[in-house]
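Nothing in this text is a laboratory measurement; each read-out follows from the coordinates by a stated rule. What you see is a predicted model, and the numbers here were worked out from it, not measured in a lab. Glycine also receives a Cβ, built like all others from the backbone with ideal geometry; neighbour counts cover every protein chain displayed.
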Amino acid sequence: MITLIRAELLKLRTTRLWIVLLVASVAVVALIVIAVLASKPGPNTDPQDRGLHDLNTIADVRTLLDIGGIAAPLALVLGATMSTSEYRYGTAGVTYLATPRRPRVVTAKMLAAVPVGALFGVLGASVPVLVALAWFATKGRSVPLDGTIPLEILQLGLQALFGAVMGVAVGAIVRNQVAAIVGLLVWGLVVENIVSGLIPATAKWFPFNGAASAFSSQASDRLFARPEAGLLMAAYVVLGWALAVWFERRRDV
Amino acid sequence: MDDRPALEIRSLTKRYGETVAVQDLSFAVPHGSVTGFLGPNGAGKSTTMRVLLGLAAATQGETFVLGSPYVGLERPLGRVGASLELAGFHPGRTARNHLRVVAMQGGLGTGGVDRALEATGMTTYASGRVGKFSLGMKQRLALSAALLGEPEVLVLDEPANGLDPAGVAWLRSFLRSFADNGGAVLISSHILSEVAEVADRVVVIDHGRMVHEGPTESLTAQGSVVIVRSPDAARLRPALEAQGATVTDAEGALEVTGLPIERVGELAARDSLVLHELRTRVHTLEQAFLSLTEPNDDPGVPPALPEAPPRSDLP
């Protein structure tokens, strides 16, 4: 299994998409953070947003960290392409000739998505801190940091790796690259929010805005206690794996 | 050497909904031989190979590779090399990286990558991105992947497509040498001449059904006709037809199918008929192939077929 995971990581490393998405996520996060820090708060600015400009408290830094959450949807997209590229470029046949036991391939892809998603999440969440440190250093002042900040960064990494792993599973189920990516983004960014708004009781059961948001740095976003949310996320991963295996095993390549 | 055939297909049927792609197909590929798998486009060759290699599920029947279903082989790339038509490559990956990925997936290690590239003349293009390759270069790369594990069996689907004449000559020579060293090769093509020079045996299918199986020379025997010229043709003709032959006029002679030349001579002698010419006209391989795989308006009905020779190699 270790060799198969390495093979999946080699597939990623030998194409350009992963680095394009990673650089894009870092660049977008950095630009947004710079825009936030550079803008001048007005008299009607929300107190929480005002804190973002000054970063006087740990809570302000945590709020800024959430901008790094942009990396999670990109990790989701990358995860989906790890599966769908096999069908888009017709390499699934080559893969299954080398590894005819398809559940092993699905498992290896999902496990390979773990470090990839974590990299996106951790890097994305680190960028706001690094940009803020550099920004305020030029102004001769420091940014308040404590031991909770690395933990918050790791939690954002967990959200992104969850997205990447689910992306792999959904990509294997759907197979069509555009449909998988658009479907996942519409689901996470639109459908979950609309249904949660209409039926609030359902909100916490959704994978992305429900379970994964338990690992947000903002307490107000947490709809679940983290242990329970972690269990729900694990259940989603197992369900995604089972469905992906079911579809892959029945598919003529 | 293992007594079992290298590849074996037993009563294979593959349907896609209402469409029958392969119907009740059985044949075997022995070790130490090249078997040409022939048929027109859409005959079911690629589907058969995909089922054989575990990429598609059989509707009925069984397939075996080295005595086991393909999915049951441990590290299959070390035993079977396959190059499938429309085999995919990520266009952004280099040739060398494509092989590194295949090798790692197959548990082979990446030590044989350069050797496989060299074997197919791809060393020069190792760092080129596959998206910029010609069809012929992609075919060579697919062959490199098939050779990575130094297998004992090769399953090649239309491997000569896109190869230049030198490439086709190299392929024939390589396959001959591979089989002479004990390897088994199943090579498909819709162009008979591509494989006739190298194949020891041929399996011809059309509309998913077997229409001929045997040594390559048997193709021409199947398509041969007897030419007989006689001043007594008017009397000879009914005598031949009475024996079940089909007789047609051809440039002052009679073309006889369905009777061996010896029997035609015997019938003429029996009735004291004078013959000016008696010979067998052997079809060219292409003519024989075409006669076996004539276009048919109804894809569900195979053309009238000569009977395949009896099979003794399947249990």
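Which residue, A:Ala180, A:Ala164, A:Ala35, tops the fluctuation ranking in a GNM of chain A built on C-alpha contacts under 10 Å? Top of the fluctuation ranking is A:Ala35. Taking +1 at the Cβ of each Lys and Arg and -1 at the Cβ of each Asp and Glu, which of A:Phe136, B:Ala242, B:Gly121 sits farthest along the dipole of the protein assembly as shown towards its positive end, judged by Cα position relative to the Cα centre? Most positive-ward Cα: A:Phe136. Each of B:Thr120, A:Thr45, B:Thr248 was scored by other Cβ atoms within 10 Å of its Cβ. Listed from fewest to most, they are B:Thr248, A:Thr45, B:Thr120. Between B:Thr124 and B:Asp180, the contour length at 0.36 nm per residue exceeds the Cα-Cα span by 17.3 nm. Measuring nothing but how far apart in sequence close Cα pairs (under 8 Å, 6+ apart) lie, relative to its length, segment A:2-249 scores a relative contact order of 24 percent. Taking amide H as placed 1.01 Å from N in the peptide plane, the amide H of B:Gly214 sits under 5 Å from that of B:Val202, each at least 5 places away or on another chain. Along segment B:241-257 the Karplus relation, 6.51 cos²θ - 1.76 cosθ + 1.60 evaluated at θ = phi - 60°, assigns HN-Hα couplings of 5, 5, 8, x, 6, 9, 10, 10, 7, 8, 6, x, 10, 10, 9, 10, 10 Hz to successive residues, with x for each Gly and Pro.
Summed over qualifying helices (DSSP H, 4 residues or more, each -39500 (n - 2.57)) and divided by its residue number, chain B shows a 222 nm mean residue ellipticity of -8500 deg cm²/dmol.
When only Cα pairs under 8 Å and 6 or more residues apart are kept, what is the percent relative contact order across segment A:144-215? About 31 percent, as a whole number. Structure shown: which of B:Lys45/B:Lys138; A:Lys11/B:Lys45; A:Lys109/B:Lys138 lie over 24 Å apart, alpha-carbon to alpha-carbon? Pairs exceeding the cut-off: A:Lys11/B:Lys45; A:Lys109/B:Lys138. Dividing the mean sequence gap of close Cα pairs (under 8 Å, 6+ apart) by how many residues chain B holds gives a relative contact order of 20 percent. A Cβ-based charge dipole, computed about the Cα centre of the protein assembly as shown with Lys and Arg at +1 and Asp and Glu at -1, lands at about 2260 debye.
With the charge dipole of chain B set up from +1 on Lys and Arg Cβ and -1 on Asp and Glu Cβ about the Cα centre, the Cα lying farthest toward the positive end among the listed residues B:Leu66, B:Gly167, B:Gly111 is that of B:Gly111. Backbone amide hydrogens, once placed in the peptide plane, bring B:Ser83 within less than 5 Å of B:Val155, B:Leu156, B:Asp157, excluding anything fewer than 5 places away on its chain. For segment A:3-17, 3J(HN,Hα) computed residue by residue from phi via the Karplus equation (6.51, -1.76, 1.60; θ = phi - 60°) reads 5, 5, 5, 5, 5, 5, 5, 5, 4, 5, 5, 8, 10, 9, 4 Hz, glycine and proline entered as x.
Derived scalar couplings between HN and Hα for segment B:164-175 equal 6, x, 5, x, 5, 4, 4, 4, 4, 5, 5, 5 Hz in order, rounded to whole Hz, by the Karplus curve 6.51 cos²θ - 1.76 cosθ + 1.60 (θ = phi - 60°), x for Gly and Pro.
Considering only B:Ala233, B:Ser189, B:Leu154, whose Cα is most displaced toward the positive end of the charge dipole of the protein assembly as shown, charges sitting on Cβ of Lys, Arg (+1) and Asp, Glu (-1)? Of the listed residues, the answer is B:Leu154. Listing B:Glu152, B:Glu74, B:Glu217 from fewest to most neighbouring C-beta atoms within 10 Å gives B:Glu74, B:Glu217, B:Glu152. Ranked by how many other Cβ atoms sit within 10 Å of their own Cβ, fewest first, the residues A:Asp60, A:Asp252, A:Asp66 fall in the order A:Asp252, A:Asp66, A:Asp60.
Using a simple spin-label model with points 7 Å from Cα along the Cα→Cβ vector, what separation in nm is obtained for A:Asp252 and A:Leu151? Those two pseudo-labels are separated by 5.5 nm.
Ignoring lysines fewer than eight residues from A:Lys40 along the same chain, the ones with Cα atoms less than 16 angstrom from its Cα are A:Lys139.
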